[in-house]
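Some notes on the structure that comes next.
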Amino acid sequence: MAPVYFNTLGSGSPIDEQFVDNTKEGDVNVSYGVKGAYAINKKLTIRAGVSKVNLGYSTNNVVAFNSSSASASSDRELQHINISDSTMTYLSANNLRFANGPEVLFLKEQGSISQQLGFIEVPIELEYNVLDTKIGVHLIGGFSTLFLSDNDVYSVENNGDKTRLGEATNINNISYSANFGIGINYNISEQLRFNLEPTFK
């Protein structure tokens, strides 16, 4: 079981190019699963498993309104989202001008668009023991295959209410990650140990 923080190191927007300059933030979710290991020798262990991983990512400063209220130039769908309700239009508050719509738009609170993804992860990793005492240290390297299981995009109001918009169209059904981490063990007894493994994927 592990907390998972999802974010990007690059620029751009996974939703639409109009949100490139909007503030974005990753969510903290939880992954859970099982893992097995085979010790090749005292220093090297190969391990594999399966887990359920949930990822979340929000784009802030988004205004939603009925497209019938907007000018024709503003009436468009989001670039990478298949929206189930075509009557709504979503614009970056950073780009809003009076020409985009009626003045009442500027009286509405800004919300966000939340992208929620779920994967079944199958990792294959090597573990190298650097220190094997009461407190052990090991290095981890490997890769994971991720199978898409959930793909949802929500419009989120400032009061926390969520409305499902649809799903992202730019997500692969199968993805891969390279995994790098460091592990710290505390041997409570010969049968039980506490293990902490911060991992970058």
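The values are calculated or read from the model by the stated rules, or taken from the named source; none is laboratory data. Note that this is a predicted model, so its numbers are computed, not measured. Here Cβ is always computed from backbone atoms with ideal geometry, including for glycine, and neighbour counts include all displayed protein chains. Only protein heavy atoms, including side chains, enter the accessible area calculation; ligands, DNA and RNA are left aside. Shrake-Rupley method; radii C 1.70, N 1.55, O 1.52, S 1.80 Å.
Looking only at residues in region 1-33 that are closer than 19 Å to Leu117 by Cα and β-branched (Val, Ile, Thr), which one is least open to solvent (accessible area, probe 1.4 Å)? Selected residue: Ile15. Taking only region 35-66 into account, find how many residues are in a strand (DSSP E or B) and more than 21 Å from the chain's Cα centre (by Cα). The qualifying residues number 14. How do the strands (runs of 3 or more DSSP E) wholly within region 124-201 filter down when requiring 1 or more residues that are among the aromatic types (Phe, Trp, Tyr) and crowded, with 16+ Cβ neighbours inside 10 Å: which remain? Because the criterion is at least 1 residues that are among the aromatic types (Phe, Trp, Tyr) and crowded, with 16+ Cβ neighbours inside 10 Å, the strands (runs of 3 or more DSSP E) in region 124-201 that meet it are 135-156.
For the residues Leu139, Leu117, Leu126, the requirement of being within 14 Å of the chain's Cα centre (by Cα) and touching a residue at least 24 places away in the same chain (Cβ under 8 Å) singles out Leu117.
Could you tell me whether region 165-174 includes any residue that is touching a strand residue (DSSP E or B) at 6+ places or on another chain (Cβ under 8 Å), among the charged types (D, E, K, R), within 19 Å of Val53 (Cβ to Cβ) and modelled with pLDDT of 95 or more? So far as region 165-174 goes, no, none of its residues is touching a strand residue (DSSP E or B) at 6+ places or on another chain (Cβ under 8 Å), among the charged types (D, E, K, R), within 19 Å of Val53 (Cβ to Cβ) and modelled with pLDDT of 95 or more. Reported count of residues in region 18-34, each being among the charged types (D, E, K, R) and in a loop (DSSP other than H, G, I, E, B), is 2. Selection of first residues in region 19-36 that are closer than 20 Å to Leu55 by Cα and among the acidic types (Asp, Glu) and of second residues that are modelled with pLDDT under 90 and outside any strand (DSSP E or B), restricted to Cβ pairs under 7 Å at least 6 apart or on distinct chains, gives the following pairs, ordered by first then second residue: Asp27/Phe6. Gly118 meets each of the listed conditions (1) under 20 Å from Ser51 (Cβ atoms); (2) at pLDDT 90 or above; (3) open to solvent by 60 Å² or more (accessible area, probe 1.4 Å) apart from (3). For region 37-68, a residue qualifies if it is among the small types (Gly, Ala, Ser) and touching a residue at least 60 places away in the same chain (Cβ under 8 Å), and the qualifying residues are Ala37, Ala48, Gly49, Ser51, Gly56, Ser58, Ala64. Given the structure, is Lys52 modelled with pLDDT of 85 or more, in contact with a Lys or Arg (Cβ under 7 Å, 6 or more places away or on another chain) and not hydroxyl-bearing (Ser, Thr, Tyr)? It is false that Lys52 is modelled with pLDDT of 85 or more, in contact with a Lys or Arg (Cβ under 7 Å, 6 or more places away or on another chain) and not hydroxyl-bearing (Ser, Thr, Tyr).
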